[in-house]
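Peer 1: Structure provided below as structure tokens; questions to follow.
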Amino acid sequence: MQSEPIASETADSPLPAPMAEMAPDASSYLHKLAEAAGLMVNWHDAQGEARMVAPAVLVRVLQAMGLPCADDAQCQASLTLLASETAALSPPPLVTAELNQPITIPWPDDGSTGQAYTLQGEAGSLGVGHATRDHNGAMQIPPCGEPGYHTLTLGPHRLTLAVAPARCYSIEDAVRASRGASLGAGAVVMSIADHRAVRFWALAVQLYALRNGPRSGAGGIGDFSALASCCSMAAAHGAAAVAVNPLHAGFTADPSRYSPYAPSSRLFLNPLYIDPAAKFGDAADDAARTLGLFEEQQRLEQLSEIDWSGVARVKLAILRHLFEQRRILLYSRELGDFQRFCTAGGDALHTHAVFEALHHHHARQGNGASHWRDWPVQQQDPYGDAVRTFAREHQTEVEFHLFLQWLAACGVSQAQHTAREAGMVLGLIADLAVGTDTSGSHAWSRQDEIFDGLSAGAPPDIYNPLGQSWGISAFSPRGLRRHGFRALIEMLRAVLSQAGGLRIDHALGLARLWVVPNQANPSEGAYLRYPFDDMMRLIALESWRARAVIIGENLGTVPDGFNDKLAQHGMLGISVLWFEREATGDFRPPAQWSQTMSATTTTHDLPSVAGWWSGHDIEWRERLGLLAQHQSAAAEHALRQTDRLALWQAFHAAGVVEGACPAAASLLAVDAALAFVGSTPTTLVTIPIEDLLALREQPNIPGTVSGHPNWRRRLDGTLPTLLADTATVRRIAILNRAREHAE
């Protein structure tokens with residue numbers, strides 16, 4: 001796909017935009033302001049067509065960024081504001097650098113030719129010297145050979161120097177660390193010593209969809225105990241990891257907002273995934289019976305689609321009862337663990353618990369204040385006197401939400417421990433949503449670092465011709481720099497603490513993000529540039545500190561050079577079967593798939609193999625009105641038949657099938673797809689459980705809120721039963737053989 005190039009940038013400036021041609025009716029000041037704010041006035045769409053953002057759209061986006069621009073005078077004032085911010089950030093509070101490479105520090109034009117410096121390392125090492133100006137006016141100090149967050153005193157300024165390894169922690173690094181431990185049965189380690197490749201596969205699951213056998217207290221949703229069992233069973237079948245949907249904190253006071261990709265906070269976990277029995281044993285069922293909720297639990301567990309509100313009502317009632325009895329039911333050691341957890345969580349954890357208590361308080365009042373912007377103005381400041389007073393007066397309620405986070409953290413930790421004990425090299429692969437709901441805890445607690453009036457999304461492309469606006473907000477590049485990337489670092493640490501790998505949803509947003517003003521059409525947005533090099537270095541540093549592999553979801557309108565940057569920093573991209581095609585339309589042979597990517601048959605936003613082969617996804621798109629004006633269901637089905645023939649021909653050429661192309665209703669293509677993708681030379685292949693089970697439905701259809709049961713479907717049986725099914729066992733064997741013979 002043709003699109004804008006990615007250039008390197010300094011630590012205190014966004015990726016530079018190309019010079020834009022002035023539209024005849026556009027103020028030159030408006031375009032100058034847009035470029036200074038990091039917006040791309042000119043860009044190329046998924047078809048390679050040149051596009052220019054309309055002036056009216058620029059105005060709306062800039063105003064949502066807090067930059068008035070209704071006329072030239074306002075544009076000039078906003079340009080002055082940005083210039084003053086840049087000057088105030090010379091030097092910025094945090095500068096990133098690469099290990100053993102020269103270090104450049106933005107510096108004000110104060111007439112000095114150099115400055116004395118002192119470098120205090122995290123481990124106590126100390127360096128002194130004299131920084132000198134380079135030809136760009138920045139200060140340069142010698143390379144640093146110790147990764148970490150160091151304190152640099154440079155002249156009169158004190159700042160943090162984040163020195164990162166050149167690349168992220170890799171699967172090969174994980175294998176080296178695992179020497180002596182048993183690996184999953186299907187893992188093939190090709191002589192790490194001589195740098196030959198490793199070949200693993202991961203099972204991808206939607207946690208909420210899992211069923212964990214006849215356990216009485218399951219309560220209508222997959223939980224962390226089900227995840228632990230899934231890891232154990234997947235390891236026994238040869239998987240090196242289990243990839244899960246985002247486990248971020250949702251809205252316990254409003255469980256109707258249940259999308260895992262539109263969370264309240266990416267710093268904390270969703271309490272609805274807690275298994276009360278994991279800590280409380282039979283007392284959890286006793287609590288359900290005492291509260292008269294035992295039968296309701298059983299009813300919820302039998303549903304084929306999750307009743308999120310019902311699950312929340314029952315589970316939270318049981319957990320509250322257990323919380324009230326905690327001093328009787330838990331050992332003193334466990335109570336001590338809870339207190340240590342609260343202390344370690346610090347202000348961020350406490351603020352989230354206060355938000356939850358406030359949100360429940362307003363929900364009980366029934367005043368319609370579902371967004372914190374609708375709360376009394378004094379409560380909109382998370383660090384003000386009114387909120388401190390509320391927390392003090394509702395201490396027990398705040399402690400309850402702290403307790404939920406402790407139980408959730410224990411649950412995900414146990415799942416990861418189980419995975420590693422079962423021999424998995426990585427264990428869990430967590431998922432990081434691209435943003436948060438603006439009405440949630442994260443946006444409330446980090447108001448200066450998260451946009452309020454803009455939604456992240458994607459422009460129209462081949463698969464989503466209407467474009468996408470996801471109704472979630474993302475970090476502000478200006479806010480990140482101003483606060484030394486605090487919000488990014490704490491978020492990375494939170495999610496990396498849960499797993500041995502991390503998938504970053506829409507990793508394209510690390511370089512540029514399509515932002516849409518609230519209530520605007522998805523096409524009425526613009527690309528906003530982000531400090532890509534800074535963010536990649538911080539991800540690499542945190543990856544090594546957590547010993548976790550990073551996977552960047554790089555699907556969509558990919559900027560030129562983006563995938564090379566990912567490979568340079570050791571972040572795996574994602575290759576999806578449906579998109580691995582030549583310009584001729586032919587499907588790319590497995591041997592030609594990139595080794596710097598992970599490979600997969602499909603994703604949660606795309607059709608399963610059985611769904612694609614049968615055209616079931618086209619039926620859904622027609623039903624939901626998601627076809628573009630120039631498209632018709634009949635034409636799409638005809639095109640799909642052509643694609644089926646092309647894919648079957650690729651299967652033939654790869655030696656994974658024989659015979660003629662089967663009918664649309666056949667499941668033979670599922671087996672073939674597993675063998676085909678499994679034989680790619682990638683380090684990691686990820687297979688959604690929907691494809692192991694040959695299901696036609698997909699978890700989510702982008703661009704829909706109703707009409708399709710997004711994030712609600714549960715598996716029809718328990719994992720022990722499903723994974724023991726003859727057809728499933730055959731598909732797993734096909735996958736393991738393909739991984740063994742991948743070159």
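The values are calculated or read from the model by the stated rules, or taken from the named source; none is laboratory data. Only a predicted model underlies this, so the values are computations on that prediction, with no experimental measurement involved. Ideal geometry is used to build each Cβ from the backbone, glycine not excepted, and the neighbour counts take in all protein chains shown.
Peer 1: Is there a residue being of a type in the set (V, I, T) and more than 28 Å from P147 (Cα to Cα) anywhere in region 469-484?
Peer 2: yes
Peer 1: So which of L303, L407, L319 ends up being under 24 Å from the mean Cα position of the chain (by Cα) and under 19 Å from I221 (Cα atoms)?
Peer 2: Exactly one of L303, L407, L319 is under 24 Å from the mean Cα position of the chain (by Cα) and under 19 Å from I221 (Cα atoms), namely L407.
Peer 1: Continuing with this model, one more query. So, L39, is that one at pLDDT 95 or above and closer than 21 Å to L510 by Cα or not?
Peer 2: yes
Peer 1: Taking I450 as the residue in question, decide whether it is aliphatic (A, V, I, L, M), modelled with pLDDT of 95 or more and surrounded by fewer than 24 Cβ atoms within 10 Å (Cβ to Cβ).
Peer 2: So I450 fits the description; yes.
Peer 1: Does S469 satisfy being out of contact with any Asp or Glu (no Cβ under 8 Å at 6 or more places or on another chain) and surrounded by fewer than 24 Cβ atoms within 10 Å (Cβ to Cβ)? Talk me through it step by step, then tell me what you get.
Peer 2: Values: out of contact with any Asp or Glu (no Cβ under 8 Å at 6 or more places or on another chain): yes; surrounded by fewer than 24 Cβ atoms within 10 Å (Cβ to Cβ): no.
Against the criterion (out of contact with any Asp or Glu (no Cβ under 8 Å at 6 or more places or on another chain) and surrounded by fewer than 24 Cβ atoms within 10 Å (Cβ to Cβ)), S469 does not qualify.
Peer 1: So which of I550, I618, I539 ends up being crowded, with 22+ Cβ neighbours inside 10 Å, assigned to a helix (DSSP H, G or I) and touching a strand residue (DSSP E or B) at 6+ places or on another chain (Cβ under 9 Å)?
Peer 2: Just a single option satisfies the conditions, and that option is I539.
Peer 1: Kindly state which strands (runs of 3 or more DSSP E) lie completely within region 20-105 and contain at least 1 residues that are of a type outside the set (V, I, T) and free of Cβ contacts under 8 Å to residues at least 40 places away in the same chain.
Peer 2: Per the criteria, 42-44, 50-52.
Peer 1: A further question on this structure: Mind checking which residues of region 269-286 are in contact with an Asp or Glu (Cβ under 9 Å, 6 or more places away or on another chain) and over 20 Å from Q325 (Cβ atoms)?
Peer 2: Passing the criteria: L272, Y273.
Peer 1: Right, something else. Just checking, does region 565-576 include any residue being over 21 Å from R503 (Cα atoms), at pLDDT 95 or above and part of a helix (DSSP H, G or I)? Break it down stepwise before answering.
Peer 2: Start the filter on region 565-576 by keeping residues that are over 21 Å from R503 (Cα atoms), which leaves none.
Taking every residue of region 565-576 in turn, none turns out to be over 21 Å from R503 (Cα atoms), at pLDDT 95 or above and part of a helix (DSSP H, G or I).
Peer 1: Please work out which residue is nearest to A727 (Cα to Cα), limiting yourself to region 636-693 and to residues that are outside any helix (DSSP H, G or I) and touching a Pro at 6+ places or on another chain (Cβ under 6 Å).
Peer 2: Filtering region 636-693 for residues that are outside any helix (DSSP H, G or I) and touching a Pro at 6+ places or on another chain (Cβ under 6 Å), the one nearest to A727 (Cα to Cα) comes out as S679.
Peer 1: Could I ask something else about it? Between Q378, Q405, which is of a type in the set (S, T, N, Q) and under 30 Å from G500 (Cβ atoms)?
Peer 2: Of Q378, Q405, the one residue that is of a type in the set (S, T, N, Q) and under 30 Å from G500 (Cβ atoms) is Q405.
Peer 1: Among helices (runs of 4 or more DSSP H) lying entirely in region 314-404, which contain 2 or more residues that are touching a strand residue (DSSP E or B) at 6+ places or on another chain (Cβ under 9 Å) and within 18 Å of S441 (Cα to Cα)? Can you show your working first?
Peer 2: Details: elements: 326-329, 332-365, 385-393.
Result: 332-365.
Yes/no per residue for (1) of a type in the set (G, A, S); (2) within 16 Å of G484 (Cα to Cα):
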position: C75; (1), (2): no, no
position: A88; (1), (2): yes, yes
position: P92; (1), (2): no, yes
position: T96; (1), (2): no, yes
position: D109; (1), (2): no, no
position: Q120; (1), (2): no, no
position: G124; (1), (2): yes, no
position: V128; (1), (2): no, no
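Peer 1: Can I ask one more? Residue check, T596 against (1) surrounded by fewer than 22 Cβ atoms within 10 Å (Cβ to Cβ); (2) farther than 30 Å from A164 by Cα, all met but one. Which one?
Peer 2: Checking T596 against (1) surrounded by fewer than 22 Cβ atoms within 10 Å (Cβ to Cβ); (2) farther than 30 Å from A164 by Cα, the one that fails is (2).
Peer 1: For region 488-501, state whether one or more residues are farther than 22 Å from E553 by Cβ, surrounded by fewer than 24 Cβ atoms within 10 Å (Cβ to Cβ) and either in contact with a helix residue (DSSP H, G or I) (Cβ under 6 Å, 6 or more places away or on another chain) or among the charged types (D, E, K, R) (or both).
Peer 2: Looking through region 488-501, none of the residues is farther than 22 Å from E553 by Cβ, surrounded by fewer than 24 Cβ atoms within 10 Å (Cβ to Cβ) and either in contact with a helix residue (DSSP H, G or I) (Cβ under 6 Å, 6 or more places away or on another chain) or among the charged types (D, E, K, R) (or both).
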